[in-house]
Amino acid sequence: MNNLALPFTVFMMEVLHFIGGVGLLSRDVFRETFQGRIYFKLIAEQIYQIGMRSLPLIVITAVSIGMVMSLQFGLGLEKFGGKLYVPKLLAVTILREMGPVFTSLMLAARVGAGIASEIGSMVVTQQIDAIRALGTSPIKKIVIPRVLACLITLPILVSIANLVGNLGGLIVGATELNLDPNFYLLKVMTTSSIQDYLSGFAKTFFFALFIAIPSCYFGLNVKAGTKEVGIATTKAVVVSSILIVVGDFFLSKLFWIVEKMI
Amino acid sequence: MSNERNGVIEVVDFHKSFGNKKVHQGVSFYVRKGECLGLIGGSGTGKSVLLRSLVGLEKPDSGQILINGTDITPMDEAQLIEIRKKVAYAFQGGALFDSMSVYENLAYPLREHFKFSEQEIAKQIHDQLQEFGLPGSEHLLPGNLSGGMQKRVGLARAMMMHPEVVLYDEPTAGLDPYNTKRIQESILNLKAKGVTSILVTHDMPTVYAVCDKVALLLNGKIGEQYTIEKLKQEPAGVMSQFINGESA
């Protein structure tokens with residue numbers, strides 16, 4: 001019994017430690033964002049690193065998902081004569097779920113790993129200590145630019161993913177399912193609502209925090225050695241991904257309730 | 001207490017543990033203005049932890065650290081910024097920002113804490129690099145520098161804010177005799193300007209060359225403390241055993 005309980009206890013302690021650590025880091029980020037100097041140049045650099053350099057990955061992923069889903073919906077619905085519903089189904093699925101979730105997962109894999117390993121390496125080489133010893137704040141210089149860059153770029157990347165995802169669907173709809181492109185576009189435009197778009201779009205701000213804060217946290221908590229940098233990188237990607245997937249359910253539920261109230 | 005001894009740095013009953021391991025168990029010492037204290041001791045005795053604590057990079061479990069009579073132990077990160085402008089820390093490996101050039105590394109503290117024009121910053125960096133024997137290295141990245149150059153750039157960066165106190169963490173470790181001598185000269189130049197310093201090292205020739213007094217960290221406390229003159233004349237006890245390699 002003890003043998004079974006020990007790993008669970010260790011795991012729970014680690015989870016509690018993570019929640020506390022992320023809570024304190026979030027507090028510091030929030031407090032220091034509104035205090036003193038804002039490093040616009042560092043934020044711009046991170047927007048380029050996180051946003052621009054992730055764009056090819058996001059576009060390829062989104063267009064592929066749009067094409068695959070269009071094909072699968074088409075093949076499935078064709079048996080019931082429902083092929084004409086592919087544009088509506090696809091648009092709503094992409095706008096509400098697939099666009100935000102897949103884009104965020106891709107960003108967690110690329111950017112979360114990058115943030116954790118970069119900050120972890122800075123800890124190991126005492127660069128974070130040097131930032132503090134020179135009378136500056138690692139939160140302001142390192143964490144806040146990455147958090148703000150994620151908050152700015154993820155909604156934009158998701159909007160692009162939504163667009164190219166539907167474009168992928170249209171290509172397959174026109175070529176494989178023999179749907180008229182004009183009909184496809186018309187259906188997408190008339191059946192998907194602003195609520196569909198906003199429901200997915202609003203999630204991106206939470207997902208941006210789910211990626212940036214834990215990744216910075218794991219990076220800053222590297223104690224020593226390159227091995228720990230690797231572990232921190234893995235943890236950052238795993239935890240961010242789990243937060244996105246689990247958080248998506250609760251956020252969907254929340255927005256569903258809000259939509260009903262409106 | 002600070003006034004009696006005129007100590008710029010004063011450590012009083014400093015305790016620090018990591019888990020069950022008690023590293024410091026009541027360390028006390030002081031350093032007067034313009035003095036250089038050599039802090040020696042075996043590996044793992046907590047010399048670097050003590051040095052890091054003097055600039056607030058580590059928090060003690062108990063005890064006081066007085067800088068110019070002000071206890072820094074209860075201070076938060078925001079309050080420590082003012083202390084860190086006065087107390088510079090020269091890291092063992094330089095701790096240079098590897099994505100920035102030597103110029104950008106040296107400009108960092110100036111841009112953060114002063115409102116100099118870019119021309120003034122450039123002039124100060126040029127002068128500093130001359131003083132530390134690094135002319136023409138402005139555009140090099142830390143990865144392109146030798147170990148000795150990295151240490152000197154780290155030292156030059158720490159000195160950009162003209163601190164009152166400099167804390168050196170093994171400044172000559174792993175350096176050849178030529179670079180060791182250059183570092184010693186840099187420390188002596190700063191000392192001549194009245195800068196107070198603490199030097200953590202295993203390099204006894206450097207201690208003899210630059211320090212006024214030397215303290216041995218032993219069993220979590222200051223085991224023995226000598227002035228350099230006394231150490232040269234009549235080394236005795238555990239200090240002598242440590243220096244001669246007869247005990248750790």
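If you check B:GLY148, B:GLY136 for being more than 25 Å from B:SER28 (Cα to Cα), surrounded by 15 or more Cβ atoms within 10 Å (Cβ to Cβ), away from chain A (no Cβ under 14 Å) and of a type outside the set (S, T, N, Q), only one passes: B:GLY148. Return yes or no: is A:ASP196 acidic (Asp, Glu), part of a helix (DSSP H, G or I) and under 19 Å from the mean Cα position of the chain (by Cα)? Yes.
How many residues, within the stretch B:81-103, are more than 8 Å from chain A (Cβ to nearest Cβ), buried (at least 17 other Cβ atoms within 10 Å of the Cβ) and free of Cβ contacts under 8 Å to residues at least 60 places away in the same chain? Qualifying residue count for the region: 4. Taken together, the criteria place A:VAL222 among residues that are of a type in the set (Val, Ile, Thr), crowded, with 19+ Cβ neighbours inside 10 Å and either over 18 Å from the mean Cα position of the chain (by Cα) or farther than 25 Å from A:ARG110 by Cβ (or both). When A:LEU179 is tested against (1) part of a helix (DSSP H, G or I); (2) in contact with a Lys or Arg (Cβ under 9 Å, 6 or more places away or on another chain), only condition (1) is not met. Residue pairs whose Cβ atoms lie under 6 Å apart, separated by 6 or more positions or on different chains, with the first residue in the stretch A:169-190 and closer than 16 Å to A:LEU75 by Cα and the second basic (Lys, Arg) and modelled with pLDDT under 95, are A:LEU177/A:LYS83. Exactly one residue out of A:PHE201, A:PHE207 is more than 14 Å from every other protein chain (Cβ to nearest Cβ), crowded, with 24+ Cβ neighbours inside 10 Å and in contact (Cβ under 8 Å) with a residue 40 or more places away in the chain: that is A:PHE207.
The condition of being touching a helix residue (DSSP H, G or I) at 6+ places or on another chain (Cβ under 7 Å), farther than 23 Å from B:ARG84 by Cα and not polar (S, T, N, Q) holds for only one of B:HIS202, B:HIS139, that being B:HIS139. Could you check, for the stretch A:147-159, whether at least one of its residues is in contact (Cβ under 8 Å) with a residue 12 or more places away in the chain, assigned to a helix (DSSP H, G or I) and of a type in the set (Gly, Ala, Ser)? Yes - at least one qualifying residue is present in the stretch A:147-159.
When you look at B:ILE121, is it in a helix (DSSP H, G or I), more than 10 Å from chain A (Cβ to nearest Cβ) and more than 29 Å from B:PRO205 (Cα to Cα), yes or no? Answer is yes for this residue. Please report, ordered by residue number, the helices (runs of 4 or more DSSP H) entirely within the stretch B:158-248 with at least 2 residues that are of a type in the set (Gly, Ala, Ser). By residue number, B:177-192, B:237-243.
When every residue of the stretch B:60-75 is checked against the conditions, none turns out to be at pLDDT below 95, facing chain A (nearest Cβ under 9 Å) and more than 21 Å from the chain's Cα centre (by Cα).
Residues in the stretch A:165-176 that are more than 17 Å from the chain's Cα centre (by Cα) and part of a helix (DSSP H, G or I): A:ASN166, A:LEU167, A:GLY168, A:GLY169, A:LEU170, A:ILE171, A:VAL172, A:GLY173, A:ALA174, A:THR175. Residues that are crowded, with 22+ Cβ neighbours inside 10 Å and either over 12 Å from the mean Cα position of the chain (by Cα) or of a type in the set (Ser, Thr, Tyr) (or both) within the stretch A:108-118 comprise A:ILE115, A:ALA116, listed in sequence order. Here B:ILE121 does not fit the description of being surrounded by 15 or more Cβ atoms within 10 Å (Cβ to Cβ), without any contact (Cβ under 8 Å) to a residue 60 or more places away in the chain and within 21 Å of the chain's Cα centre (by Cα).
Yes/no per residue for (1) crowded, with 23+ Cβ neighbours inside 10 Å; (2) among the hydrophobic types (A, V, I, L, M, F, W, C); (3) within 14 Å of chain B (Cβ to nearest Cβ):
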{"site": "A:GLY120", "(1), (2), (3)": "yes, no, yes"}
{"site": "A:VAL124", "(1), (2), (3)": "no, yes, yes"}
{"site": "A:ALA133", "(1), (2), (3)": "yes, yes, yes"}
{"site": "A:VAL143", "(1), (2), (3)": "yes, yes, yes"}
{"site": "A:ILE152", "(1), (2), (3)": "no, yes, no"}
{"site": "A:LEU157", "(1), (2), (3)": "yes, yes, no"}
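Of everything listed in (1) more than 14 Å from chain B (Cβ to nearest Cβ); (2) surrounded by fewer than 22 Cβ atoms within 10 Å (Cβ to Cβ); (3) more than 13 Å from the chain's Cα centre (by Cα), the single unmet condition for A:ALA91 is (2). Of the residues making up the stretch B:209-227, those that are of a type outside the set (Lys, Arg) and touching a Leu at 6+ places or on another chain (Cβ under 8 Å) are B:ALA209, B:VAL210, B:CYS211, B:ASP212, B:VAL214, B:ALA215, B:LEU217, B:ILE222, B:GLY223, B:GLU224, B:GLN225.
What number of residues within the stretch A:9-37 are in contact (Cβ under 8 Å) with a residue 40 or more places away in the chain and either on the phi < 0 side of the Ramachandran plot or of a type in the set (Asp, Glu) (or both)? Number of matching residues: 10. Each residue in the stretch B:81-94 was checked for being touching a helix residue (DSSP H, G or I) at 6+ places or on another chain (Cβ under 8 Å) and over 14 Å from B:MET159 (Cα atoms), and 2 of them qualify.
Close contacts from the stretch B:128-144, counting a first residue that is part of a helix (DSSP H, G or I) and a second that is surrounded by fewer than 18 Cβ atoms within 10 Å (Cβ to Cβ), with Cβ to Cβ under 7 Å and a gap of 6+ residues or different chains, come to B:LEU129/B:PRO135; B:LEU129/B:GLU138; B:PRO142/B:ASP98; B:GLY143/B:ASP98. For residues that are aliphatic (A, V, I, L, M), surrounded by 21 or more Cβ atoms within 10 Å (Cβ to Cβ) and within 14 Å of chain A (Cβ to nearest Cβ), tally how many sit in the stretch B:28-56. Residues meeting the conditions: 3.
The values are calculated or read from the model by the stated rules, or taken from the named source; none is laboratory data. This one's a predicted model, so the numbers in the text were calculated from it and none came from an experiment. Here the Cβ is made from the backbone with ideal geometry for all residues, glycine too, and neighbour counts use every protein chain on show.
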